[in-house]
Structure formats: structure tokens, C-alpha cells
1. Sort His385, His320 so the one with the fewest other Cβ atoms within 10 Å of its own Cβ comes first.
2. Could you line up Asp239, Asp230 from fewest to most neighbouring Cβ atoms inside 10 Å?
3. Within 10 Å, count the other beta carbons around each residue, average over each peptide in 41-50, 136-145, and list them highest first.
4. Tell me which lysines have Cα within less than 25 Å of Lys139's Cα, excluding those fewer than 8 residues away on the same chain?
5. Once label points are set 7 Å from the Cα along Cα→Cβ at both Thr34 and Trp381, what is their separation, rounded to one decimal in nm?
6. What does the highest-first list of 52-58, 329-335, 256-262 look like by mean Cβ count within 10 Å?
7. Grab the Cα-Cα distance for Asp149 and Ala168, subtract it from 0.36 nm times how many residues apart they are, and report the gain in nm with one decimal.
8. Tell me, in nm to one decimal, what length is gained between Glu135 and Thr369 on full extension, where the rule is 0.36 nm per residue of separation less the Cα-Cα distance?
Amino acid sequence: MKVTRSQELFERASKLMPGGVNSPVRAFRSVGRTPFFVEKAKGAYLYDADGNRYLDYVCSWGPGILGHAYPSVIEAVQKACENGLTFGAPTEKEVLLAELVQKCVPSMEMMRLVNSGTEAVMSAVRVARGFTGREKIIKFIGCYHGHSDGLLVKAGSGLMTGSIPDSAGVPAGYAAATLLADYNDRESVRRLMEENSGEVACIVVEPVAANMGVVPPEDGFLEFLRDIADENGSLLIFDEVITGFRLGLDGAQGYYGVRPDLSTFGKIVGGGMPLAAYGGRRDVMSCIAPCGSVYQAGTLSGNPIAVTAGIETLKILMAHPEIYNEIDRAAARLEKAYRDIGLMVNRVGSLLSPFFTEEKVWDYKSVLTADTAAFAEYFSWMLEHGIYVAPSQFEAMFVSAAHTEGMIEQTCECVREYGEKLKRR
Ligand code: PMP
């Protein structure tokens, strides 16, 4: 595999950007490799600067549910560009996107469009604090909600990959307002609620944890969170940045039938452009300026090009809901291939993670039993066979509508060959 051009670009990039990248996990540090630099993408494939082709199971970390460069999305975006890139004034398309989101996700009675998942969750937490007049929040160890200060405590994703339990630079006061519970452990939530009675503004949770690898909620866990939030006058926030429009048009809240007070969406809702949304109960969202005293704003919020990509993507998903069955089935085939070679696999819909452990993976502690060195070796094997999975044990694998049966079979075959290689040891 030729990598000279990527290597050269990485050297140049490393002089200018920390780790040579604009987001840590892209640097491939934990898998001990130089990252490839992407030149273009089409359907299920990425093409790098050296002309190598990769079957892509990262899908830009989730947005690419239709596959890359989906023709009607690209066309709509190109057309929208001709009318100007940003106005800083309202447009009809923002209303259209919000209407589509609300149609799919009824709990989104009112919403705001922002530029990233980070901004969406940061803002939702601020609104929860403003609405309740309380300061503390409950988050779960190993869940990731973007890189705003108060949410970077014991977070998953790149922090887990890089073994950074708590980011430096976060004021102790911020961190102290973030109470840490264990995912799937009701008692830990109950205890925090008791010890901080009347002080918890919200519980924020990934309804399916997907930033410590995929860890599904145990039966009744989300319902329990709904109930305990209500009993304590706290709001329940579902961070659906990954699960939204991925587990179905109505996200994890539809999948599990639990209605949160506020939700956050990112990735798919922006169709591959920098766009995210947060919203929920009308009475809560009415606290936001100019209606109320919680401030949140953005020069590029509701950007017309990003909104166009979001609208086109949601329209396609709404017109072809069978996509969800197809990608779920494809993911189930991958799940079986990984199980057959002895790995633990968690899967919810088209989100899955094979874990290099023999233990059942159901919480943060069991996630940590995974062998990251074994994962790194597997990652390299797949990459060298033209298959790109996330470069970390603690991230999800994403399947898109562009992954054909043949591509899935090729991937399963590669996994089986890897299993054979492991057996020969
Ligand atoms: N919440 C969740 C559940 C996420 O997975 C992510 C990013 N992977 C974020 C929030 C932050 O989104 P962004 O990277 O767009 O800021």
C-alpha cells in the first residue's frame, strides 16, 4: 500500500496543527499508524491522496448514512451555493428543516439550529440550568457530549482513546457541577439524586452509549432515568447526536419509546455539513433569548447550505424508510462475522462495536476489559485489506445505505480471515 503522499501531508500538517489533525482520533495514535489523507469519497468508498481506496465504516463518524456524495444532496447544495453562502438572517429553509425534524421527532416541539454537536449539548444543558434554576448536572462516565468544559469530565470518544480521564484546562468549579454516574447502573443515579436533592438541573445521556464503543441501555434503564428525573424535578436530555436519524427517523427515543424533555441532534441532521439541533419542550425552549433570559446565538447558525444538505438527507430517509431495515440487516451480518471469530459484539440497529474481550460488555468497567493492543492489530489488518473502521476500540462502526451486500460479504470474509490468523497463533 503506497502511503508516500499521505506521509508527506502528515509531516506538513504536524508542523501546523497539534498531532497534524483538527480532531484527535484522526491522528491514528492509538493504533500506531500515520493517518491517510482523504482526497475524495463516493458511496461507501474513501479515496486517499495516494490513490488507495477504502471501504468506509466510519462514515465521517456517523453523518454518512446515505453514503458519500449522494447525488441529489450534492446537487441541492451546489444549487443553494449560487444564492449565497450565509446571510445571518432567517430563511425559509430553516423553517423547512425544523418542520421535518419535528415531524420525525414529535418531542422536538421547539428547537434551535447550531453548528456542531458540542454546541447543541452545551446549549441544551444551559437551557436546563436556566429553566430549573439549578446548577448541577448528572452525566455518565464514558459518554461523550462534545468538548464544552463541563462535559469533558470522564468523557468517552477521543478522551478514552487517548487515556485522558479529565481534560486539562477545565476549571475545577465547572467539573464539580458535573456529577458522574455509571451507565446502566441505576443505583449510582439514585445515590447522586439523593446526595444532591433539589440541585440537579438535568440528566444528560447518550440513550445508546456509542462513545465507549457501543453499549446499549439495559431493559428499563431509560425509563428509569425518565422517572427519576421527574421525581426530582430535573430535566432528561437525550444526546441523540449519533442515534438521531440513525436508529430510525425518530431516533433512540422512538426506538425505546422514552420521551426526553430535551434532545440534541447532529451528524445526520446536517447531511454532512456543520449543523446540529437542540430542542424539546415548548415551555423549556421558551426560556431562550429573545423570548427568555438564557442566551444562545450564532453567526452561522441555520446556515443555508448546511440546512439544504440536512433537508435533502432527511427527505430521502423519510421517503425510503426501508433504508433502516437494510442497514440494520447489513450490520447484523457483520455482527455475526465478528461473533463467529470469538469477539464480543454489541449492536443496536446499524451501530455496532466488536470488542476484544471475553466479557459481556454492558457498562464502562466491562468496556475497559477490551484489549486495545489487539484492537490496533485488527485495525491495521482491516486497513491493509482496504477496509476502514474507526481507529479506536472505543468508537462505533457505522453502516450506510451505500454498503452493498457484496461489500458486506467482502468485509465478513476479511473478518473470517483475520479470525483464522488469530487461531494460527
Ligand atoms: N454528542 C455525541 C453523542 C457525539 O457522539 C458527539 C461527537 N461524536 C458529540 C456530541 C459532539 O459533536 P461534534 O463533534 O459535532 O461537536
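Derivation of every value follows stated rules applied to the coordinates shown; laboratory data play no part. Every value quoted in this text rests on a predicted model; they were computed, and no experiment measured them. For neighbour counting, all protein chains shown are included, and Cβ atoms are generated from backbone atoms with ideal geometry for every residue, glycine included.
1. Working: His385 17, His320 12.
The most exposed by this proxy come first: His320, His385.
2. Working: Asp239 33, Asp230 12.
Fewest-to-most Cβ neighbours within 10 Å comes out as Asp230, Asp239.
3. Working: 41-50: 19.0, 136-145: 25.3.
Ranked by mean Cβ neighbours within 10 Å, highest first: 136-145, 41-50.
4. Hits, sequence-local ones excluded: Lys154, Lys267, Lys360, Lys365.
5. Result for the modelled spin labels: 2.5 nm.
6. Numbers: 52-58: 20.0, 329-335: 18.3, 256-262: 21.7.
My ranking of the peptides, most packed first, is 256-262, 52-58, 329-335.
7. Working: separation 19, 0.36 × 19 = 6.84 nm, distance 0.98 nm.
Working it through step by step, the gained length comes to 5.9 nm.
8. Working: separation 234, 0.36 × 234 = 84.24 nm, distance 3.41 nm.
The span from Glu135 to Thr369 would gain 80.8 nm if fully extended.
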